[in-house]
């Protein structure tokens, strides 16, 4: 099962970190973007080629020390079809290098529409006489607001294709409470959502005791994460909000069990834009070293997390 | 403002119907798909070409009698980059024919990620020295679960580019109540979301008294729609669930004001697959007539709605 593959990779690397591949053109060193702008002008094609070249170099430097990457599809949809081409190539390359790919797509829809998303993102589509995979993520993220009708079609494909999902429970942003913290039956809404996720998890539990159905639980809310860990004992956590958004390693211990398993922590900017950070700028002087700075940031994050878990 | 353009088009056509362009390969007549399969085999490229050819013929038959179309992006993402190419071409062609395009994307993310989605779907992206539009929808749908952080970046682009959004309040699916109907402060969650949407609406009200910020309100819950109409007086409704999902014209009157303005009702399958429906099969005999059946289904829906509004 995919969740067991993820846990194995975390054990093997000793690193519960996922690198968020959320590139912005501002992060890309001139020697890359200049090459493509010279060739294609200031076009979407040049942007797409630059994004992919940037990601590729990052992947080359980190694939042996992290279990997974999490490309954020919005950063590619920003550039339309050209951007999505870089997204698809990034997924393919990361998988070639043995990384698990969590597509951060946060899709939400119902019934036959959710099926269509699932065909494209996790499973395969019927294309006349053929069955063809497109995005072919290992995991994707989903939004629960529409209820089981929006999740069930994905569960079917998780079973059929050995894939996984992470459903939003409590997000890491400042205003996440506007809806997620509203009190219902005496508890905040995100706990109710946690109960639903736990129910969805039940049928897809792997050999490590965790399900193909995981949850997104923000690092900026440690008390809430603790409570969600209790409500969802078989649910693996994908934790955004570490670093740039203010989440600290100390606060994350509650997401893990006594064996140090139970969650994977995302960092995006903190790793892929490490070369722009004062902390790494001097040691990784020269723009060609940007991916080496990312590698060092991964090692530092690993040590920071292991100190606390 | 885009909402005024939509209302003008509704008045001009006398038809508060939006045609859901949610094609499935099964709907596409053989004479279309055979042409492309002969040329490209049973490939994603053949699927993409077939989807676009199908949509184009539907648009040609309906553009003068409806104000808008609503392509559901999932039906295209199912086929990866090839599918999305058909999606982009469909948007472009529909706009050329004077239709307003509501992209049913139901995206959800926060802060700089939501900005990236907004750049791609409503606004424009900074591409080195240029600013470039990609999907360039007139409206898109959004999921509110992440709170204001997930909506504000889109509001900025609504203002800057005269675009609109429809935020999910109450969806039309059977299990929508699992989360949306949970009682909080004595009222169901969707009413709380309605209050938030109403707040988001306030700054972007056009000359007809409606805002660029609309709401998705399912046709399958008339009592709830009535209450939401009261909570959100300046919010235009996008209403799914008519026809195939069980929503009836009688139940929709509550979504409109006394001038018959206030909502646009979606039908997808009921229109674009009318040629497969017993009601239209005989009169529109011969597969070349599929789009004429869609036109008749639009006229029938218009009459059904006008009977009640």
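Structural remarks
- Every pair of residues 6+ apart whose Cβ atoms lie under 6 Å, when the first sits in region A:286-309 and is part of a helix (DSSP H, G or I) while the second is surrounded by fewer than 18 Cβ atoms within 10 Å (Cβ to Cβ) and at pLDDT below 95: A:308/A:250; A:308/A:253
- Among (1) in contact with a helix residue (DSSP H, G or I) (Cβ under 6 Å, 6 or more places away or on another chain); (2) in a helix (DSSP H, G or I), the one test that residue A:234 misses: (2)
- Within region A:259-285, tally of residues that are surrounded by fewer than 16 Cβ atoms within 10 Å (Cβ to Cβ) and part of a helix (DSSP H, G or I): 4
- Restricting region A:74-102 to residues that are part of a loop (DSSP other than H, G, I, E, B) and crowded, with 18+ Cβ neighbours inside 10 Å, the residue that is farthest from the other protein chains (Cβ to nearest Cβ): A:99
- Of all residues in region B:55-72, those being more than 9 Å from every other protein chain (Cβ to nearest Cβ) and touching a strand residue (DSSP E or B) at 6+ places or on another chain (Cβ under 9 Å) number 12.
- With a requirement of 2 or more residues that are within 12 Å of another protein chain (Cβ to nearest Cβ) and over 13 Å from residue B:2 (Cα atoms), the helices (runs of 4 or more DSSP H) lying completely within region B:121-231 that satisfy it span B:152-161, B:177-180, B:189-201.
- Residues that are buried (at least 21 other Cβ atoms within 10 Å of the Cβ) and either within 21 Å of residue A:301 (Cβ to Cβ) or within 14 Å of chain B (Cβ to nearest Cβ) (or both), drawn from region A:1-19: A:6, A:7, A:10, A:15, A:16, A:17, A:18, A:19
- Of the residues making up region A:46-54, none is more than 9 Å from every other protein chain (Cβ to nearest Cβ), within 13 Å of the chain's Cα centre (by Cα) and buried (at least 24 other Cβ atoms within 10 Å of the Cβ).
- Residue within region A:203-215 that is within 22 Å of residue B:142 (Cα to Cα), surrounded by fewer than 24 Cβ atoms within 10 Å (Cβ to Cβ) and touching a residue at least 40 places away in the same chain (Cβ under 8 Å) present: no
- Condition met for residue B:58 (more than 16 Å from residue A:132 (Cβ to Cβ), crowded, with 22+ Cβ neighbours inside 10 Å and in contact (Cβ under 8 Å) with a residue 60 or more places away in the chain): yes
- The set of residues from region B:104-113 being surrounded by fewer than 24 Cβ atoms within 10 Å (Cβ to Cβ) and more than 7 Å from every other protein chain (Cβ to nearest Cβ) comprises just one member, B:112.
- Taken together, the criteria exclude residue A:152 from residues that are over 25 Å from residue A:309 (Cα atoms), buried (at least 24 other Cβ atoms within 10 Å of the Cβ) and touching a helix residue (DSSP H, G or I) at 6+ places or on another chain (Cβ under 9 Å).
The values are calculated or read from the model by the stated rules, or taken from the named source; none is laboratory data. Bear in mind that the values here come from a model prediction, so they are computed numbers and not experimental data. Cβ coordinates were reconstructed from backbone atoms using ideal geometry, including for glycine residues, and neighbour counts include every protein chain displayed.
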